[in-house]
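Participant: Before anything else, here's the structure in question.
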Amino acid sequence: MTRPGSDAIRAETITINGHGGDPIEAYRAGPLADGSRGGIVWIHHMPGYDRETKEFVRRLAVNGYHVVCPNLYSREAPGADPDDAAAAARAAGGVPDERLVGDVAGAVAHLGGLPGANGKFGIIGHCSGGRHAFLAACSLPFDAAVDCYGAFIVEDPPEGMPKAMQPILDLAPNLSAPLLGLFGALDRFPTPAAVATLDAELTRLGKPHDFHSYDDAGHSFFSVDRPAYRVEAAVDGWRRIDQFFATHLKG
């Protein structure tokens with residue numbers, strides 16, 4: 001019998017129990033080979049639970065982790081196209097912070113029950129998911145957290161943004177895990193000034209963190225299908241993500 005290779009994975013849509021016990025859709029990927037596995041929750045961006053996010057999930061699974069991405073818009077638009085679901089969620093005021101934390105807790109509980117789970121958990125998110133990753137790491141116990149250009153941790157959102165997207169810098173004393181932050185120096189949300197403010201507050205609090213800003217990059221520099229994609233920043237960012245999770249999640 002042929003054994004699965006080290007990069008062989010299984011990826012599928014599943015149902016997990018989210019905030020309040022609500023059944024919500026999620027995307028899961030993980031290695032087929034046996035082994036001790038850290039678990040990672042990926043939080044999708046504001047455009048939704050889309051193909052790009054699922055590719056990110058599979059990439060981390062190839063690196064040896066169980067990964068789950070909860071569909072944060074499951075309740076507003078179950079089974080809908082990502083663009084339509086995102087529009088419905090925005091019209092409803094966005095994802096409430098309490099519900100986000102509950103959905104992440106459900107994803108962690110699911111990861112903890114998978115074969116080979118080693119009890120170590122990370123969280124990562126991009127765009128609004130970066131803010132949500134910070135929120136979750138300040139609300140739940142994690143071993144590692146990654147914020148990819150998450151806005152509105154520090155600054156107020158502009159008019160037209162979902163009302164749930166409010167600053168959460170006051171939660172910084174509760175940050176439960178080392179934080180890797182990856183940002184674009186040309187970004188408007190978050191601005192370099194907002195990143196510097198977060199950096200200074202975490203330093204003041206003695207919270208371990210490692211921030212990197214890329215000079216020629218703006219928002220969404222990981223997104224290969226967008227003009228904002230910056231190959232050098234994305235390649236270096238992935239290298240840092242891989243090294244960070246390997247340090248904190250692999251026993």
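Participant: Lysine pairs, Cα distance under 26 Å, 8 or more residues apart or cross-chain: how many in the chain?
Facilitator: Here the count comes out as 5.
Participant: Could you tell me which of 220, 231, 208 has its Cα farthest along the dipole of the stretch 198-250 towards the positive end, charges placed at Cβ (Lys, Arg +1; Asp, Glu -1), taken about the Cα centre?
Facilitator: Going by the Cα projections, it comes out as 208.
Participant: What accessible area per residue comes out for the stretch 144-183, rounded to a whole number of Å², with a 1.4 Å probe?
Facilitator: 35 Å²
Participant: Which order do 238, 42 take by accessible area at a 1.4 Å probe, largest first?
Facilitator: Largest to smallest exposure gives the sequence 238, 42.
Participant: Which percent, to the nearest 5, of DSSP beta bridges fully inside the chain are antiparallel?
Facilitator: Among the beta bridges of the chain, antiparallel pairing accounts for roughly 35 percent.
Participant: Distance between the C-alpha centers of the stretch 95-164 and the stretch 233-251? Whole Å please.
Facilitator: 18 Å
Participant: Relative contact order of the chain: what whole-number percent is it, with Cα pairs under 8 angstrom and at least 6 residues apart?
Facilitator: Reported relative contact order: 17 percent.
Participant: While we're looking at this one, here's another question. With all protein chains present and a 1.4 Å probe, how do 179, 186, 140 order by accessible area, largest first?
Facilitator: Largest to smallest exposure gives the sequence 186, 140, 179.
Participant: Within a Cβ distance under 11 Å of residue 75, other residues only, what is the Lys/Arg minus Asp/Glu net charge?
Facilitator: Neighbourhood net charge equals -3.
Participant: Determine, for each peptide in 102-111, 144-153, the mean count of other beta carbons within 10 angstrom over its residues, then list the peptides with the highest first.
Facilitator: 144-153, 102-111
Participant: I've got another one for you. In nm, give the distance between the simple-model label positions of residue 238 and residue 11, each being 7 Å from the Cα along the Cα-to-Cβ direction.
Facilitator: If labels sit at residue 238 and residue 11, their model points lie 1.2 nm apart.
Participant: Next question. Quick one: Cα convex hull volume of the stretch 197-241, Å³ per residue?
Facilitator: Measuring per residue, one finds 78 Å³ for the Cα hull of the stretch 197-241.
Participant: Please quote Rg/Rh for the chain to two decimal places, taking the Kirkwood radius as Rh and restricting both calculations to Cα atoms.
Facilitator: Here Rg/Rh amounts to 0.94.
Participant: Find out how many positive minus negative residues lie around residue 192, taking Lys and Arg as positive, Asp and Glu as negative, among other residues whose Cβ is under 12 Å from that of residue 192.
Facilitator: Here the count lands on -3.
Participant: At 7 Å along the Cα-to-beta-carbon direction for both residue 51 and residue 211, put a label point, then send me their distance in nm to one decimal.
Facilitator: So the two model labels end up 3.5 nm from each other.
Participant: Also: Could you state how much accessible area residue 229 has, in square angstrom rounded to the nearest 10, with a 1.4 Å probe and all protein chains kept in place?
Facilitator: We get 70 Å² for residue 229.
Participant: Could you look at the chain and say what percent of its accessible area is carbon and sulfur, using a 1.4 Å probe and all protein chains?
Facilitator: Exposed carbon and sulfur together represent 52 percent of the surface.
Participant: Write down the accessible area per residue of the stretch 1-125 in Å², having rolled a 1.4 Å probe over the full set of protein chains.
Facilitator: That works out to 42 Å² for each residue.
Participant: In addition: Quick check: with the 1.4 Å probe, what order do 53, 203, 191 take by accessible area, largest first?
Facilitator: 203, 191, 53
Participant: Go through the stretch 171-251 and name the trypsin sites (Lys or Arg not before Pro) that are in a DSSP coil and have 16 or fewer other Cβ atoms within 10 Å of their Cβ.
Facilitator: 188, 250
Participant: Quick check for me: using +1 on Lys/Arg Cβ and -1 on Asp/Glu Cβ, what's the dipole size of the stretch 172-248 about its Cα centre, in debye to the nearest 20?
Facilitator: For the stretch 172-248, the charge dipole is close to 180 debye.
Participant: Quick one: accessible surface of residue 235, probe radius 1.4 Å, all protein chains present, in square angstrom to the nearest 10.
Facilitator: Approximately 90 Å² of residue 235 is accessible to the 1.4 Å probe.
Participant: Also, quick follow-up: Quick one: how many Å² of residue 27 are accessible to a 1.4 Å probe, rounded to 10?
Facilitator: 20 Å²
Participant: Kindly provide the pair-distance distribution of the stretch 123-171 built from C-alpha pairs, with 5 Å bins from 0 and whole-percent values in order of increasing distance.
Facilitator: Here the calculated profile for the stretch 123-171 is 6, 24, 31, 24, 10, 4, 1.
Participant: Also, I was wondering about something else. May I ask for the net charge around residue 96, where only other residues with Cβ less than 11 Å from the Cβ of residue 96 are counted and Lys, Arg are +1 while Asp, Glu are -1?
Facilitator: 0
Participant: Is it possible to state the helix-based mean residue ellipticity at 222 nm for the chain, with each DSSP H run of 4+ residues giving -39500 (n - 2.57), the sum divided by total residues, to the nearest 500 deg cm²/dmol? What is it?
Facilitator: The per-residue figure over the chain is -10500 deg cm²/dmol.
The values are calculated or read from the model by the stated rules, or taken from the named source; none is laboratory data. Keep in mind that what you see is a predicted model, and the values were worked out from it rather than measured. When we count neighbours, we look across all protein chains shown, and the Cβ atoms used for this are built from the backbone with ideal geometry, even at glycine. Ligands, DNA and RNA are stripped out before the accessible areas are found, and what is left, the full protein with its side chains, is counted by its heavy atoms. Shrake-Rupley method; radii C 1.70, N 1.55, O 1.52, S 1.80 Å.
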